[in-house]
1. For the list (1) more than 25 Å from residue 95 (Cα to Cα); (2) of a type outside the set (Phe, Trp, Tyr); (3) assigned to a loop (DSSP other than H, G, I, E, B), I need the number of the one condition that residue 292 fails.
2. Within the range 243-269, can you find the residues that are open to solvent by less than 10 Å² (accessible area, probe 1.4 Å), farther than 11 Å from residue 162 by Cα and of a type in the set (Val, Ile, Thr)?
3. Which residue, of 147, 132, is open to solvent by 30 Å² or more (accessible area, probe 1.4 Å), small (Gly, Ala, Ser) and free of Cβ contacts under 8 Å to residues at least 24 places away in the same chain?
4. Would you say residue 224 is buried (at least 17 other Cβ atoms within 10 Å of the Cβ) and among the acidic types (Asp, Glu)?
5. Can you tell which of 209, 213 is free of Cβ contacts under 8 Å to residues at least 60 places away in the same chain and under 30 Å from residue 126 (Cα atoms)?
6. Take residue 253 and tell me if it is assigned to a strand (DSSP E or B) and of a type in the set (Gly, Ala, Ser).
7. Give me the pairs: first residue in the range 155-183 and farther than 25 Å from residue 234 by Cβ, second residue buried (at least 24 other Cβ atoms within 10 Å of the Cβ) and among the aromatic types (Phe, Trp, Tyr), beta-carbon distance under 6 Å, and six or more apart or on different chains, which are they?
8. Say we look at the range 7-34 and pick out the residues that are of a type in the set (A, V, I, L, M, F, W, C) and open to solvent by 40 Å² or more (accessible area, probe 1.4 Å); which of these is farthest from the chain's Cα centre (by Cα)?
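The values are calculated or read from the model by the stated rules, or taken from the named source; none is laboratory data. It should be emphasised that the depicted structure is a prediction, and the values quoted were computed from it without experimental measurement. For neighbour counting, all protein chains shown are included, and Cβ atoms are generated from backbone atoms with ideal geometry for every residue, glycine included. What goes into the accessible areas is simple: the full protein's heavy atoms, side chains included, and nothing from ligands, DNA or RNA. Shrake-Rupley method; radii C 1.70, N 1.55, O 1.52, S 1.80 Å.
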Amino acid sequence: MRTGERDQRAIWLDEDGWGVRVIDQRALPHGFRVLRLETAADAASAIREMAVRGAPLIGATGAYGVALAARAEPADRAPADAANLLKDARPTGANLAWAVDRVIGAVSEVPPARRAAAAYSEAARICQEDAAINRAIGEHGAELIAAEWERAGRRRRVEVLTHCNTGWLATVERGTALAAVYEAAEREIPLHVWVTETRPREQGAGLTAWELAQAGVPFTVIVDGAAGHLLQRRGADLVIVGTDRTSAGGDVANKIGTYPLALAARASEVPFYAAVPSPSIDWAIADGLAIPIEERDPAEVAAVTGLAPSGRVESVRVVPQGARVANWAFDVTPADLVSGLITERGVAQATSAGLAALFPERSPAGASNQA
C-alpha cells in the first residue's frame, strides 16, 4: 500500500482548520484533482454530482457539511436547513442521513457560540470511527480470503471478484470490501482481483483499478456481463461487494448489477459476501425492497467518458438520439443470496437474528429491551 495521509485518506481538513478537502473522483483515473468545500451547499453538490461517492465517504462529507453550515451561521435554523439540503443530495445510502443527524444532535446540545466547534469535533469523530470500522472489516474479510487459500492447499492464488469501488476512495480510509483485499495482500496471501467495469460510471474500471494499481495488487478488469461467465467457470473463489444500505433482515442495497452477480454466484456455488459497516445498516427497514432506489441522469448511460487519442478526456454518445434511457443507480440483493455480512464485529449471517447477535444494542429488539 502507498503511504501518506493524502494517498489513503479521501477527506481531510485544509490547513486553515475549517475548509474541507476531498478528492474529486470524477477526474480519476486520468487526472487527479482536489476540491475545497467551504459551505454546506458545496458539500451537497460534491455528493450529488459524485465528486465524492461511496456510502461512508458520503456520510463523512455530509457531517462536515453541517459543520461548515454551523461555522457560517450557528443560529438554530441554519444547521437544520443544511441537514435537509445534504440529506436530499442522494437518497439510497444510509450513512448520509445517519452522519448528518448525528452532527445535528451534537450541535443541538450546545449554545450557538459553541456549535461550530461541536460540529467539527463530531465530524472528526465520525471519520475516526469510520477508519477503525474499515480496518476491522478488512481483518475479518481477510480471514475469509485466507480460508480460501487454505482450502486450495496454499497451492494457488485466491481469485476475488468485486463490483464497483469499495476502497479508500469510497470511505475515509482503507475501504470496506477492498479493505479485505488490502489486508490479505499485506499478510502475503497470494490473490488476484477480478474487477467489473461497473457501468454506467465505471467505478470499477476507473477507481478500483486505479487503487489496486497504486497498491500493487494484481487485477483484471472485465465487463459487467462477463461476471456470470467467470463464476460459471469457477474463475472466482469468492465475491466480496460493498453496501450502501443494508436492511435489518440482511438485504443488501448496492451498486446496480450486484443482484444478478449474487444470482450467478448462487447458481455457481461461489460464496457471496457483502462488507457492511454498521452505520450502513438501517434498523428501521426490515425488507430491502423498501429501500429507496436513486434514479440518476439518463445521460450517464447514454454517453461514455474516457481518454481520447488527443490526450483530452471526452464524452461520446453511444445510444441513438431520442432513445429512452433508464438509469437506476442501485439494486437490492435479497438476504438469502448473501453468504455473510462482513461487519466490524465479525461475519454475521444475513438474517435479522444474525445481525442482532453482533449488534444487540442497535437492533429493534435490543433497543426495546434497553428502554
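1. Single failed check for residue 292: (1).
2. 246, 252
3. Details: 132 fails: free of Cβ contacts under 8 Å to residues at least 24 places away in the same chain.
None of the other options fit; the residue is 147.
4. Working: buried (at least 17 other Cβ atoms within 10 Å of the Cβ): yes; among the acidic types (Asp, Glu): yes.
Spelling it out, residue 224 is indeed buried (at least 17 other Cβ atoms within 10 Å of the Cβ) and among the acidic types (Asp, Glu).
5. Working: 209 fails: free of Cβ contacts under 8 Å to residues at least 60 places away in the same chain.
Matching residue, one of 209, 213: 213.
6. On the way: assigned to a strand (DSSP E or B): yes; of a type in the set (Gly, Ala, Ser): yes.
When the stated conditions are applied, residue 253 passes them.
7. Cβ pairs passing all conditions: 174/168; 175/168.
8. The initial filter retains those residues of the range 7-34 that are of a type in the set (A, V, I, L, M, F, W, C), namely 10-13, 18, 20, 22-23, 27-28, 32, 34.
Subsequent filtering for residues that are open to solvent by 40 Å² or more (accessible area, probe 1.4 Å) retains 13, 18, 32, 34.
Values: 13: 21, 18: 25, 32: 20, 34: 19 Å.
For the range 7-34, the residue satisfying everything is 18.
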